[in-house]
1. So, in segment B:181-200, exactly how many residues are under 20 Å from residue B:297 (Cβ atoms) and either open to solvent by 20 Å² or more (accessible area, probe 1.4 Å) or part of a loop (DSSP other than H, G, I, E, B) (or both)?
2. Tell me, please, whether a residue that is open to solvent by 30 Å² or more (accessible area, probe 1.4 Å), assigned to a loop (DSSP other than H, G, I, E, B), under 25 Å from residue B:15 (Cβ atoms) and not aliphatic (A, V, I, L, M) can be found in segment B:280-294.
3. Take the residues in segment A:252-273 that are free of Cβ contacts under 8 Å to residues at least 60 places away in the same chain and more than 11 Å from every other protein chain (Cβ to nearest Cβ), then tell me which one is most open to solvent (accessible area, probe 1.4 Å).
4. If I filter segment A:33-46 down to residues being in contact (Cβ under 8 Å) with a residue 60 or more places away in the chain and either more than 21 Å from the chain's Cα centre (by Cα) or more than 8 Å from chain B (Cβ to nearest Cβ) (or both), which single residue comes out as nearest to residue A:289 (Cα to Cα)?
5. State all residues of segment A:104-114 that are open to solvent by less than 10 Å² (accessible area, probe 1.4 Å) and within 22 Å of residue B:96 (Cα to Cα); if no residue qualifies, say none.
6. Looking at segment A:360-372, which of its residues are open to solvent by less than 30 Å² (accessible area, probe 1.4 Å) and either out of contact with any Gly (no Cβ under 7 Å at 6 or more places or on another chain) or not assigned by the TED database to the domain that holds residue A:1 (or both)?
7. Among the numbered criteria (1) within 20 Å of residue A:200 (Cα to Cα); (2) in contact (Cβ under 8 Å) with a residue 12 or more places away in the chain; (3) not charged (D, E, K, R), which single criterion is violated by residue A:277?
8. Output the number of residues of segment B:1-32 satisfying the condition of being touching a helix residue (DSSP H, G or I) at 6+ places or on another chain (Cβ under 9 Å), within 14 Å of another protein chain (Cβ to nearest Cβ), open to solvent by less than 10 Å² (accessible area, probe 1.4 Å) and not aliphatic (A, V, I, L, M).
2 protein chains.
Amino acid sequence: MEAVEAMDAADPLQHFRDEFVLRDGLIYLDGNSLGALPKATLERIQQTVLQEWGQGLITSWTEAEWIEAPRRIGDKIAQLIGAEAGEVVACDSTSVNIFKALSAALSLKSDRTVMLTEAGNFPTDGYMMQGLAKFGGAAYEFKAVPRDRLFDALNDDVAVLLLTHVHYKTAAMHDMAEVTRRAHDAGALVVWDLSHSTGAVEVDLNGANADFAVGCGYKYLNGGPGAPAFLYAAKRHHHAQPILSGWFGHARPFGFEEDYEAAAGIDRFQCGTPPILGMAALESGVDQILRADPAAVRQKSIGLVELLIKEMEPLCKEFGFDLSSPTNPTQLGSHVAYSHPNAYAMVQALKARDVIGDFRTPDTIRFGITPLYLRFTDMVEAARRLRLVCEQREWERAEYQTLAAVT
Amino acid sequence: MEAVEAMDAADPLQHFRDEFVLRDGLIYLDGNSLGALPKATLERIQQTVLQEWGQGLITSWTEAEWIEAPRRIGDKIAQLIGAEAGEVVACDSTSVNIFKALSAALSLKSDRTVMLTEAGNFPTDGYMMQGLAKFGGAAYEFKAVPRDRLFDALNDDVAVLLLTHVHYKTAAMHDMAEVTRRAHDAGALVVWDLSHSTGAVEVDLNGANADFAVGCGYKYLNGGPGAPAFLYAAKRHHHAQPILSGWFGHARPFGFEEDYEAAAGIDRFQCGTPPILGMAALESGVDQILRADPAAVRQKSIGLVELLIKEMEPLCKEFGFDLSSPTNPTQLGSHVAYSHPNAYAMVQALKARDVIGDFRTPDTIRFGITPLYLRFTDMVEAARRLRLVCEQREWERAEYQTLAAVT
């Protein structure tokens with residue numbers, strides 16, 4: 001344990017932990033589902049509600065620069081994902097942004113009809129494609145194939161390939177540049193879902209010659225429950241047409257013109273009035289992570305993940321956990337997944353020991369590794385508590401057996 | 001003035017004013033653009049951020065019942081608009097909900113192709129239709145006709161008619177039951193935009209045999225800047241298919257299934273993860289307005305509007321304001337509009353005298369009348385200050401001439 005304590009002592013990111021509301025004793029391994037609360041966000045929200053809304057009222061749209069929030073926060077997120085200012089906008093939910101990105105991509109490939117993804121991708125990605133495909137006389141087709149057959153499926157019909165960069169279950173990470181190149185060679189565009197990447201692994205969208213991307217604000221960006229998501233469109237695609245043409249995507253939203261004229265640039269990917277309370281919390285989270293060196297974040301993530309996998313090895317042998325994540329760091333995001341026949345009950349029993357991980361149906365235990373507020377000693381302690389859960393068969397208790405909805 | 005003070009003293013809603021953050025001297029006539037901040041909302045947000053997010057973390061999705069928020073708040077809003085529990089859901093922006101309602105209506109009228117609205121409707125309503133119409137080989141057509149030609153335009157091609165119940169500029173109010181009946185007679189469905197109605201005028205969706213409706217959370221519901229909007233679908237249309245098929249609209253969101261199966265009931269109109277901070281503020285605003293008798297709200301609204309119109313009459317004659325709103329209360333919502341060649345500068349000069357109204361291009365001054373926090377004496381005082389602005393030609397100052405974006 002001394003060696004592990006030394007790793008914490010040498011951690012260049014260790015001071016970030018104190019910036020979060022996290023009670024003593026809790027080991028929170030679910031920051032990839034909902035990031036923890038930065039203390040600064042409390043103050044920021046108070047300011048937004050009491051000063052900006054309460055005192056400034058309608059004038060805050062200009063005087064507190066609410067109107068700029070989607071672009072301003074977008075420009076900040078751009079720095080985390082290898083995009084330029086003016087290529088990212090913070091708005092709507094990830095699902096809605098997937099729809100916009102897909103429809104924009106389809107508008108650029110009007111001679112092609114297939115939307116492709118990999119089987120087992122995060123459900124909402126596929127669902128949004130299925131909704132699009134059903135609409136308007138089924139002009140488009142939805143197709144999901146296993147990961148190892150993706151390249152074979154890139155034929156002349158494929159308009160757009162939608163992939164999650166880091167898989168929500170296994171954390172397996174696609175080679176963004178390589179996949180994008182293969183898709184482009186086949187004449188298709190790619191939409192990257194960065195929900196499990198942004199703020200956790202290094203992403204270089206423009207370096208990969210990416211087309212579109214979306215991502216989530218409430219995981220590693222610590223933007224709060226249901227935080228606004230974001231959308232990236234490469235500058236060369238800023239003439240594309242998302243179907244969702246609301247007034248905030250208009251060239252002159254306050255011209256109140258009858259005919260829709262899409263704004264130049266990334267603004268056309270906005271739609272309705274921006275959710276300002278959510279935006280304020282998201283910006284606070286993004287401001288915080290921008291103070292962390294991305295290389296240090298990635299290095300610590302790998303270190304934490306490797307340590308957890310090492311600590312879990314004996315438990316795998318003794319208690320039947322089975323690692324579902326890749327072990328090569330270049331192919332791994334920032335969480336670790338195990339399968340276990342009693343996964344759901346195990347997660348519940350661990351929670352009673354103040355270790356929060358999450359369960360993904362049917363048999364996955366997922367440990368989210370957030371470098372800003374987790375310590376190397378937490379990895380050892382989490383494995384120690386799981387050992388107690390197993391040795392004392394705590395997971396067998398009746399109250400841990402009933403499946404409940406947890407996001 | 002004494003008679004007017006007596007009206008305030010007799011106002012059964014007068015105690016609500018103290019429940020809002022509103023500084024002395026300010027006359028806020030823009031609550032139909034952004035409602036004022038209820039004091040209770042501050043505490044509610046603090047609770048949501050610090051306790052539920054900060055302490056509860058991921059467990060708050062179930063333990064603080066975040067997961068139920070869209071339905072729970074929807075059921076509350078239902079009480080304000082003549083809908084039943086299970087017919088309304090709070091989610092997304094008004095624009096996105098318009099898109100869902102339109103696409104659901106189109107899915108029910110697959111033999112028809114026209115989406116109809118009135119010319120001069122709030123732009124985002126038309127824009128969303130135009131986006132839909134452009135998509136997928138232009139299977140659908142967008143048509144806008146003047147209000148007095150709407151019934152003539154209801155031919156066999158019209159799948160759906162989208163109207164704003166209370167017009168955003170003039171406050172002219174449609175007869176919901178009559179319009180709905182005429183549309184149904186012509187075989188079309190109706191989507192009602194209740195943005196300027198909900199919480200201000202009595203709405204009876206089921207009484208009018210309505211099909212779909214959407215509305216805004218940040219006006220008379222005082223839900224905060226960019227609050228989540230809502231969507232109503234009559235029970236008989238719960239098999240309709242909105243295109244936006246995200247995971248929160250799935251029958252089993254946490255089943256993580258590959259194929260989309262729409263939830264039974266109103267839940268299928270959800271899409272992505274609900275924005276919890278905005279939901280908390282919205283719920284606080286809705287809880288407040290539910291404590292007010294809707295008949296008293298409407299009666300006070302009419303009283304305030306009539307008083308303002310009366311006080312404005314001499315100014316119309318002397319300074320060239322021209323009333324654009326109907327004067328018959330049964331045809332009027334809860335704001336009053338005037339046209340004036342110097343409308344923009346007038347609004348700015350009034351603001352310097354602590355009266356906040358708003359400007360709508362090209363020449364409209366709009367005074368929002370919110371019965372929960374406005375007083376009868378405010379109507380007299382607002383007209384008095386506008387008289388000073390006119391008599392002293394304050395609106396001629398150079399700094400009031402430059403048009404800036406204000407929502």
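1. 7
2. Within segment B:280-294, one or more residues are open to solvent by 30 Å² or more (accessible area, probe 1.4 Å), assigned to a loop (DSSP other than H, G, I, E, B), under 25 Å from residue B:15 (Cβ atoms) and not aliphatic (A, V, I, L, M).
3. Among those residues, the one meeting the criterion is A:264.
4. A:38
5. Result: A:104, A:105, A:106.
6. Selection gives A:360, A:364, A:369, A:371, A:372.
7. Every condition holds for residue A:277 apart from (1).
8. Within segment B:1-32, residues that are touching a helix residue (DSSP H, G or I) at 6+ places or on another chain (Cβ under 9 Å), within 14 Å of another protein chain (Cβ to nearest Cβ), open to solvent by less than 10 Å² (accessible area, probe 1.4 Å) and not aliphatic (A, V, I, L, M) number 4.
The values are calculated or read from the model by the stated rules, or taken from the named source; none is laboratory data. Just so it is clear, the model here is predicted, and its values are computed rather than measured. Here Cβ is always computed from backbone atoms with ideal geometry, including for glycine, and neighbour counts include all displayed protein chains. When the accessible area is computed, the model is the full protein with side chains, heavy atoms only, and any ligands, DNA or RNA have been set aside. Shrake-Rupley method; radii C 1.70, N 1.55, O 1.52, S 1.80 Å.
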